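The values are calculated or read from the model by the stated rules, or taken from the named source; none is laboratory data. Predicted model, so just to flag it, every value in this text is computed and none were measured. Heads up, the Cβs are rebuilt from the backbone with ideal geometry, glycines too, and the neighbour counts pull from every protein chain shown.
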Amino acid sequence: MGSYFTIVTARNSEDGIKSALLSLKNQRLSPKFIIVIDDGSRDKTPDILKVLKRDWSELYVITNPDMGYDIKRVVRNWNAALELVRNERLPIADYHLIATDDTEYDPDYAFRLISYLDSNSKVAIASGNYTKHKPEMPHGAGRFVRNSVFEMTRWKGKYPEQMGYESAILYEVEFLGYTHSVIDEARFRHLRPLGSNHQFYEFGASMHTLGYHPIFALGRFAKYFSTGTVTGRRGSLYMIYYYITYKPEFGGYNSLFDPQFRQFVKSKQMERLKRILKAIILGKRKT
C-alpha cells in the first residue's frame with residue numbers, strides 16, 4: 001500500500017493541536033512522519049508540541065517567530081515543510097496529506113483514501129468529507145496529493161504562493177491530464193467553525209485571481225446561499241462580494257494567475273456548466 005507524510009499548520013491552537021495530531025498518529029495507516037509548522041503561537045501550543053515530540057521521533061516541528069496572523073503564510077509554510085523534506089532527506093513517500101490544527105480524522109481515513117488512490121492512478125488528488133453534502137472538489141484540509149504528479153506541475157513540487165493556491169493545484173492536475181475525487185466514506189471534523197478567521201475573503205478573492213467564469217461564480221454563490229452548506233448563507237454573501245470587488249496587485253500573493261491558466265480554468269468551468277445543463281434538460285424530459 002502507498003505511503004504518505006503529513007503537513008500540519010498551527011497557530012495559537014492549544015485547544016485542538018494535541019487531538020488533531022493524535023488523530024493522525026493513530027491512523028490505521030500511519031504517516032511516515034508529520035511536519036508541524038508553528039506559525040508564531042503565543043499560547044501553549046509550543047509547549048504542547050515539545051511534550052508530544054519527546055516520545056514521537058516521527059514528529060518534526062518548524063517554529064516561526066510571531067509576526068501576527070497572516071493567511072499568506074499558510075502556503076509559504078507548506079513549502080517550507082516540503083523544503084525540509086528535501087533538505088533533511090526524509091523518507092520518500094507516494095503521497096502527502098495537508099492537515100490543519102483544527103481537524104480530526106477517523107482512524108481509517110488515510111487507509112480509505114490511499115486504497116482509492118492506489119487503485120486509480122489517474123486521480124492525483126483526493127480528500128474525504130466533513131459535510132452532509134458531497135462537494136464538487138476535494139477539501140483543502142484532509143487532501144492527499146500524489147507526489148509524482150505534484151512534481152510535474154508548473155510549480156515543480158511546490159505550491160504557488162498566490163491567492164487561490166488550493167484550487168490552482170486542482171486545475172493544474174486537470175491540465176496535466178489527471179483528475180481529483182472526494183471519497184464521502186472517509187470522514188473528518190473541523191474543531192473550529194470554517195471561515196472564523198477570514199470571513200471567506202479568500203474564497204471570493206481567489207475566484208477572481210484564478211479567473212473564474214462569472215456564471216460559475218454566481219452558480220456557486222446560489223448553491224451555497226440556498227443550501228447554507230460550506231460557507232453558510234452569510235459566508236456566501238462575503239464570497240460573492242469579494243469576487244466582484246477584489247482588485248488584484250501586479251505581483252506576489254495578491255496577483256492574477258497567468259492568462260493561459262486563467263483561460264484554462266474558465267474552459268473547464270464551462271464544460272462543467274454544460275454537463276449540469278444537459279443533466280437538467282434530460283431530467284425534465286424524463287419527467
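Checking each residue in the stretch 139-153 for being touching a helix residue (DSSP H, G or I) at 6+ places or on another chain (Cβ under 8 Å) and in a loop (DSSP other than H, G, I, E, B) picks out Gly140, Gly142, Thr153.
Counting only residues that are farther than 20 Å from Leu176 by Cβ and among the β-branched types (Val, Ile, Thr), the stretch 98-129 holds 3 of them. Restricting Leu24, Leu82, Leu97, Leu49 to residues that are surrounded by 17 or more Cβ atoms within 10 Å (Cβ to Cβ), in the same structural domain as Glu166 (by TED's automatic domain parsing) and over 22 Å from Phe144 (Cα atoms) narrows the list to Leu49. The residue list Asp258, Asp184 contains one member that is surrounded by fewer than 16 Cβ atoms within 10 Å (Cβ to Cβ) and within 29 Å of Asp106 (Cβ to Cβ), which is Asp184.
Restricting attention to the stretch 100-122, and to residues there that are among the polar types (S, T, N, Q) and within 13 Å of Leu24 (Cβ to Cβ), which single residue is surrounded by the most Cβ atoms within 10 Å (Cβ to Cβ)? Restricting to residues being among the polar types (S, T, N, Q) and within 13 Å of Leu24 (Cβ to Cβ), the top hit is Thr103. Does Ser13 satisfy the criteria of being under 20 Å from the mean Cα position of the chain (by Cα) and surrounded by fewer than 20 Cβ atoms within 10 Å (Cβ to Cβ)? No. Within this structure, Tyr243 passes the test of being of a type outside the set (S, T, N, Q), buried (at least 20 other Cβ atoms within 10 Å of the Cβ), outside the structural domain of Gln162 (by TED's automatic domain parsing) and modelled with pLDDT of 95 or more. The set of residues from the stretch 207-255 being under 16 Å from Gly164 (Cα atoms) and either acidic (Asp, Glu) or in contact with a Lys or Arg (Cβ under 6 Å, 6 or more places away or on another chain) (or both) comprises Gly211, His213, Glu249, Tyr253.
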